Each structure stands twice: as structure tokens, then as C-alpha cells.
Amino acid sequence: MHGPASSGWLLVALCAATGAYCLLRMRSGVEEQRRAAGGEALMGFGMAAMAVPAAVFTPPSWAWPAYAVVFGAAGLRALWAARSGRHHLHHLVGDAAMVYMALVMAGSPTHAHTHGPSGVPLLTGVLLLYFAGYVLLTGVRLLPVAVVAGGGAAVGTGPEAGGGAAVGWGDRPELARACRLSMGIAMLAMLLTM
């Protein structure tokens, strides 16, 4: 991706850390969480590799089509998994965005991106709108709910919140949402540099 090197390295660090956390989440005892975490780890590490500043490392010409193939296959897997849960549709959109960015990078001579007189391409704009909405919605879902409507009791405080059983740190839904939020923000940043 193109842009200032310092912001590129911050994006690499964010995506790599997110990918690493998702790998740790794959140790969950819940099958569905393991599957989702695997796809998110692939996305995080793929985004980290794509975000390396172009001034530091220019990938070989075969790398961009390889990205497109890998994320195209991940998108097909997400489409198949969407039969059992709608969250996989978000994975499908993310994989499609990665394929789109890889194809744009592969098709651009010397990988210089200029929008020219036509402005932002339609697909880039649609993806920007989707991820902006996703980031806002996920951010709102991370806000703590302090009071139950009408009851006055605190919600989500203490180890008993969530049914009484202690939940491992890898299975905590707020950490998974924070992971997805950071990847959504990173995707927005990457799409803005297109």
C-alpha cells in the first residue's frame, strides 16, 4: 500500500498483532470460534503483508496474483460457511476486498495508484462505505452497557456475567470484536490508499 512509511509500519504492526491474537483464539474449545479465528488470522497476516510500505519492499510481480488466489479461496470458504452463520458474510466481503486490492496492485504499472479525473472507483467507494459502517457498528457494540433497562443492576461485571461459567480470555466476545474492529479500521486505511 502507498502512503507515508510511518503509517504503513503502524498498519503492519496492527494487522500482525491482530493476526497473532486470532491465532491464539484458535485454541478455543468452541468449533465455530476456531473457524472464525482462523479466517481472521489469515486476513490479519495478509493485510500486514500488503501494508508493508512500497518504499521498503516491492513484492515480485507474482505476489499480487497469489494474494488474489489465496483470498479468493478464502472467500469461497466463507461463502460455504455462510450457510451456518451470517458473520461469515463479513468474512466474504473482507476476502473480496483483499482480492480487489490485490488485483488493483497487480494491474497497476509500477504499483503507482492515481485516481485520475474519474475520482474514486465505484467498487472502492462501496467497500469504503461498508467498512466504515462495520467499524461504527462494531465500535458501538464494544461500548459497555452499565445498567439493565428498568432494573438498575450492572451488566457484564464480574466472572459470573455470561451464564456463570468462567470464560477463557480467548473466548471473550469483546476481545474478538476488538480484533474485528481493528481489522476493519485497517481495511479502511488500506482502501483509502487505493
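The values are calculated or read from the model by the stated rules, or taken from the named source; none is laboratory data. Keep in mind that what you see is a predicted model, and the values were worked out from it rather than measured. All Cβ positions, glycine included, derive from the backbone under ideal geometry; neighbour counts span all protein chains shown. Only protein heavy atoms, including side chains, enter the accessible area calculation; ligands, DNA and RNA are left aside. Shrake-Rupley method; radii C 1.70, N 1.55, O 1.52, S 1.80 Å.
Just one of the numbered conditions (1) surrounded by 11 or more Cβ atoms within 10 Å (Cβ to Cβ); (2) modelled with pLDDT of 85 or more is not true of GLY170; which one?
Result: GLY170 passes all but (2).
Taking ALA161 as the residue in question, decide whether it is of a type in the set (A, V, I, L, M, F, W, C), modelled with pLDDT of 90 or more and open to solvent by less than 70 Å² (accessible area, probe 1.4 Å).
no
Determine whether TYR21 is part of a helix (DSSP H, G or I), free of Cβ contacts under 8 Å to residues at least 40 places away in the same chain, aromatic (Phe, Trp, Tyr) and open to solvent by less than 60 Å² (accessible area, probe 1.4 Å).
No; evaluated as a whole, the condition is false for this residue.
Being closer than 25 Å to SER7 by Cβ, surrounded by 11 or more Cβ atoms within 10 Å (Cβ to Cβ) and of a type in the set (Val, Ile, Thr) is the filter here, so list the residues in segment 54-69 that pass it.
Answer for segment 54-69, where residues must be closer than 25 Å to SER7 by Cβ, surrounded by 11 or more Cβ atoms within 10 Å (Cβ to Cβ) and of a type in the set (Val, Ile, Thr): just THR58.
Do you know which residues across segment 101-158 are modelled with pLDDT of 60 or more, part of a helix (DSSP H, G or I) and β-branched (Val, Ile, Thr)?
Passing the criteria: VAL104, THR124, VAL126, VAL135, THR138, VAL140.
Filter segment 24-76 down to the residues that are of a type in the set (D, E, K, R) and assigned to a helix (DSSP H, G or I) and list them by number.
Passing the criteria: ARG25, GLU31, GLU32, ARG34, ARG35, GLU40.
Out of ALA48, ALA16, ALA41, I need the residue that is surrounded by fewer than 18 Cβ atoms within 10 Å (Cβ to Cβ) and touching a helix residue (DSSP H, G or I) at 6+ places or on another chain (Cβ under 9 Å). Which one?
ALA16
Go over the candidates ALA13, ALA73, ALA82, ALA63 one by one and state the one that is without any contact (Cβ under 8 Å) to a residue 40 or more places away in the chain and within 16 Å of ILE185 (Cα to Cα).
Unique residue meeting the criteria: ALA13.
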